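The values are calculated or read from the model by the stated rules, or taken from the named source; none is laboratory data. These figures come from a predicted structure and were not determined experimentally. Neighbour counts are summed over all protein chains in view; Cβ atoms, including those assigned to glycine, are modelled from backbone coordinates with ideal geometry. Heads up: the accessible areas ignore ligands, DNA and RNA and are worked out on the full protein's heavy atoms, side chains in. Shrake-Rupley method; radii C 1.70, N 1.55, O 1.52, S 1.80 Å.
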Amino acid sequence: MSAHATVRTGVRAGEIASYTVQGLSALEAALTSDPLNAWESLLDADPCATLFQSPVWCMPWYRSYLDFEPLVLVVTSGSELAGVVPLAIENATGRLTFAGDNMTDYRDVVTRPEWRREVVGEFLQLYRSRGGSGVFHFGSTLPESETPGVLLSMAGACGLRTVARQHYGWRWWPYEQTEDPLRRKSVRYPLNYFRRQGELTAERVVTDEQWERFKRDFYVQHSLRQIFAGRPVSFDSPQKREFLERVFRSRYGHVTALWLNGELIAGHVGSVYKRVLYWGAPSFDVRYRQYSPNLVLLVLTMKNAAEWGFDGIDLTIGKGDLKERFSTSRVDLPWIELYARQHAYFLRKGRIALAGAGRAVAQRIRGENAWEKRFKPFAARIAHKASRAREMGLAGAILHTAKLGVAKFGEHTRGIVFMARPEDVREISAALQAGEICEYHDNELRDLAKRDVWNDSVAREIATKVRSFTDIVRVGRTLHTVVVNDRLAGWGLSYWPTEPARLTEVGNARLEYPPDSVSLYDFYTLPEFRGRRLYQSLLTYILRKRFREGAKQAYITVLERNVASRKAIERVGFRPVCINEFTRFLRWKKLRSHSC
């Protein structure tokens, strides 16, 4: 028993005892002796235990995520280990959670079936003694687990309140399969596309050399996928990378890769436990998103199940067309919200009641799917606008709203067209600090993932660029990025125009390009790098590159009111050649253009 241990009398007086092991060093020591050294054997005796309650999964997480402190509840019957509940305390908030926190798909106690009620009782007493102010999420559990029912029946006697919920879970078992997934059109189409591009290979990653090659692209692909979807980036976290490294090297680790001509286009890091592969979110190259490389990897993983050492796939929790179409069964996975304080419980019940009433009204007014397809997206847009307003501050939000209101009635804008020839270019270097290295890249998508902050307006700009990247390249345009010490600092685009451009910011003014012209547009410097001449240095790089390729003149446009950008353009050597002036009041419009 560690120095942090406490002993309580259990449900069966004299038979059940429990204590907690708190802290990583205490837990490491406890695992080497009775009774906790039987943790793995206890898992084998529990038909409802999963990978996420195993020391092989929990210990790497504890060792990697040091902002959580281990708190393992150990329940004994005499000298025998009767139960284990792997918990953790978030250091910053004191919040109690299961080991793995939001990375854990299944959350349950580990026990022999005959001791389940006693172990659940000990857990409830522990939770009550800590007096959590918020909600504790117990579950999801496997549908076969009796723990949710036991917990619901005992919580009230412990002074706790509960809200029972459920998720959908998805399974794939080859013996339940009625159709070869490779024969489906949604699989044959991308497979045929990739095979026309060259050599397509699915493999299991097992050696250190394979892992080192795999992970370089795997992390970047995952980050770009999250950026593409507008979600916070998590795979740039050293903690998460360290944890996945440990998962790979554990005896349960199972890593698969899909290569196209030696380039990773999809990857998955999971675990096989009791001959079931736990399938999490795979990475995939967003440049091939329309060909679903993640789907191809999943189907080829199914085809290789016997060779790769598992009997079925647990596609875990969640919604999604892929899981629904390629699973062979759907199960209901129960989970419970546990409340130690009444006010938090009643607030939650009130929100559930309001949501239920809103759903019922929406269905009566707009039909059965109105809540999911109309009202929830509308609420999400309102929340997004509220978030933007908080980010801008009160004054900024008021000014932004006022500008939008004025623009409804009319506008007056002046745009300047600039042109430069090879002899006009002035070399402008970035203002670098000691030890900094500045690099320029062309069509390097991974550069867009090289940032640490993902919850601001810049992250939304980057997400827009990631989503448009494939189309940009497809139509022959080039994304130029500038990175400083391997951190994204800015970008701009250029292309060889074959037809006139429409300048939408000044009433669709028409810009005619002479032969052998190049056009530059859509430049952005990240706020943390502004004022260091990176915009000018990127312009210089692009101009030098395009003039070497044979361009005779380069064009760029800017609104007259954008003084900083205009001055930067002029410093590089551009000179104004045309001014477009656009005026609109309600439906009346006027466009005037004149040469400089």
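When the stretch 457-478 is examined, which residues are found to be among the β-branched types (Val, Ile, Thr) and not in a helix (DSSP H, G or I)?
Matches in the stretch 457-478: Val475, Thr478.
Looking only at the stretch 12-24, decide whether some residue is at pLDDT 95 or above and part of a helix (DSSP H, G or I).
Yes, because at least one residue in the stretch 12-24 is at pLDDT 95 or above and part of a helix (DSSP H, G or I).
For the subset of the stretch 403-434 comprising residues that are within 21 Å of Leu586 (Cα to Cα) and under 34 Å from the mean Cα position of the chain (by Cα), which member is modelled with the highest pLDDT?
Once the filter is applied, the top-ranked residue is Lys403.
Any residue that is at pLDDT below 95 and in a loop (DSSP other than H, G, I, E, B) - is there at least one of those in the stretch 561-572?
yes
Please specify each residue of the stretch 293-343 satisfying the condition of being of a type in the set (A, V, I, L, M), farther than 17 Å from Ala257 by Cβ and assigned to a helix (DSSP H, G or I).
Result: Ala306, Leu322.
Between residues in the stretch 58-69 that are at pLDDT 95 or above and residues that are acidic (Asp, Glu) and assigned to a helix (DSSP H, G or I), which pairs lie under 6 Å by C-beta distance while being six or more apart or on different chains?
If the second residue must be acidic (Asp, Glu) and assigned to a helix (DSSP H, G or I), the pairs left are Ser64/Glu242.
Conditions tested, residue by residue: (1) open to solvent by 10 Å² or more (accessible area, probe 1.4 Å); (2) at positive phi; (3) touching a Leu at 6+ places or on another chain (Cβ under 6 Å); (4) without any contact (Cβ under 8 Å) to a residue 12 or more places away in the chain.
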residue: Arg289; (1), (2), (3), (4): yes, no, no, no
residue: Asn294; (1), (2), (3), (4): yes, no, no, no
residue: Ala306; (1), (2), (3), (4): yes, no, no, yes
residue: Ile313; (1), (2), (3), (4): no, no, yes, no
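Residue by residue through the stretch 407-431, note down the ones that are open to solvent by less than 80 Å² (accessible area, probe 1.4 Å) and in contact with a strand residue (DSSP E or B) (Cβ under 6 Å, 6 or more places away or on another chain).
Once the filter is applied, which keeps residues that are open to solvent by less than 80 Å² (accessible area, probe 1.4 Å) and in contact with a strand residue (DSSP E or B) (Cβ under 6 Å, 6 or more places away or on another chain), the stretch 407-431 yields Gly410, Glu411, Thr413, Arg414, Gly415, Ile416, Val417, Phe418, Met419, Ala420, Ala430.
Please enumerate the residues belonging to the stretch 494-525 that are in contact with a Lys or Arg (Cβ under 7 Å, 6 or more places away or on another chain) and either among the hydrophobic types (A, V, I, L, M, F, W, C) or open to solvent by 10 Å² or more (accessible area, probe 1.4 Å) (or both).
Passing the criteria: Tyr495, Pro500, Arg502, Gly507, Asn508, Arg510, Asp516, Val518.
Just checking: which of the strands (runs of 3 or more DSSP E) contained wholly in the stretch 174-285 hold 2 or more residues that are within 23 Å of the chain's Cα centre (by Cα) and in contact (Cβ under 8 Å) with a residue 24 or more places away in the chain?
253-260, 263-273, 276-278
Would you be able to tell me the number of residues in the stretch 483-500 that are β-branched (Val, Ile, Thr) and under 24 Å from the mean Cα position of the chain (by Cα)? Break it down into steps so the answer makes sense when it comes.
Residues of the stretch 483-500 that are β-branched (Val, Ile, Thr), as a first pass: 483-484, 498.
If we keep only those that are under 24 Å from the mean Cα position of the chain (by Cα) as well, we get 483.
The total comes to 1.
Tally the residues that are under 15 Å from Asp522 (Cα atoms) and either exposed (fewer than 14 other Cβ atoms within 10 Å of the Cβ) or of a type in the set (Phe, Trp, Tyr) (or both), restricting the search to the stretch 443-460.
0
Just to be sure, is Trp491 surrounded by 15 or more Cβ atoms within 10 Å (Cβ to Cβ) and farther than 14 Å from Tyr541 by Cα?
Values: surrounded by 15 or more Cβ atoms within 10 Å (Cβ to Cβ): yes; farther than 14 Å from Tyr541 by Cα: no.
Criteria not met by Trp491.
Please work out if Leu277 is modelled with pLDDT under 95, buried (at least 21 other Cβ atoms within 10 Å of the Cβ) and in contact with a strand residue (DSSP E or B) (Cβ under 8 Å, 6 or more places away or on another chain).
On the way: modelled with pLDDT under 95: no; buried (at least 21 other Cβ atoms within 10 Å of the Cβ): yes; in contact with a strand residue (DSSP E or B) (Cβ under 8 Å, 6 or more places away or on another chain): yes.
In short, no.
Filter the stretch 555-586 for residues that are over 39 Å from the mean Cα position of the chain (by Cα), farther than 19 Å from Ala431 by Cβ and not hydroxyl-bearing (Ser, Thr, Tyr) and give the result.
Listed by number, the residues that qualify are Phe574, Arg575, Pro576, Val577, Cys578, Ile579, Asn580, Glu581, Phe582, Arg584, Phe585, Leu586.
Considering (1) open to solvent by less than 10 Å² (accessible area, probe 1.4 Å); (2) among the aliphatic types (A, V, I, L, M); (3) at pLDDT below 95, say which one Val233 fails and leave the rest.
So the condition that Val233 fails would be (1).
Could you identify the single residue in Leu31, Leu51, Leu36, Leu42 that is closer than 26 Å to Pro113 by Cβ, aliphatic (A, V, I, L, M) and modelled with pLDDT under 95?
Leu51
Among the residues in the stretch 526-533, are any at positive phi, over 42 Å from the mean Cα position of the chain (by Cα) and surrounded by fewer than 18 Cβ atoms within 10 Å (Cβ to Cβ)? Talk me through it step by step, then tell me what you get.
Taking the stretch 526-533 and keeping what is at positive phi, we get 531, 533.
Filter once more, so that each one left must be over 42 Å from the mean Cα position of the chain (by Cα): none.
Among the residues of the stretch 526-533, not one is at positive phi, over 42 Å from the mean Cα position of the chain (by Cα) and surrounded by fewer than 18 Cβ atoms within 10 Å (Cβ to Cβ), which makes the answer no.
Can you name the condition, by its number, that Thr481 falls short on among (1) open to solvent by 70 Å² or more (accessible area, probe 1.4 Å); (2) assigned to a strand (DSSP E or B)?
Of everything listed in (1) open to solvent by 70 Å² or more (accessible area, probe 1.4 Å); (2) assigned to a strand (DSSP E or B), Thr481 misses just condition (1).
In the stretch 75-94, which residues are aliphatic (A, V, I, L, M), in contact with an Asp or Glu (Cβ under 9 Å, 6 or more places away or on another chain) and open to solvent by less than 30 Å² (accessible area, probe 1.4 Å)?
So the first thing to find is which residues in the stretch 75-94 are aliphatic (A, V, I, L, M), and the list is 75, 81-82, 84-85, 87-89, 92.
Imposing the further condition that a residue be in contact with an Asp or Glu (Cβ under 9 Å, 6 or more places away or on another chain) reduces the set to 75, 81-82, 85, 88-89, 92.
Correct list: Val75, Leu81, Ala82, Val85, Ala88, Ile89.
With the structure loaded, tell me whether Glu122 is acidic (Asp, Glu), in contact with a Ser or Thr (Cβ under 8 Å, 6 or more places away or on another chain), in contact (Cβ under 8 Å) with a residue 24 or more places away in the chain and crowded, with 22+ Cβ neighbours inside 10 Å or whether it fails that test. Let's see the steps before the verdict.
Values: acidic (Asp, Glu): yes; in contact with a Ser or Thr (Cβ under 8 Å, 6 or more places away or on another chain): yes; in contact (Cβ under 8 Å) with a residue 24 or more places away in the chain: yes; crowded, with 22+ Cβ neighbours inside 10 Å: yes.
Yes, satisfied.
Please count how many residues of the stretch 256-274 are buried (at least 22 other Cβ atoms within 10 Å of the Cβ) and within 27 Å of Thr464 (Cα to Cα).
5
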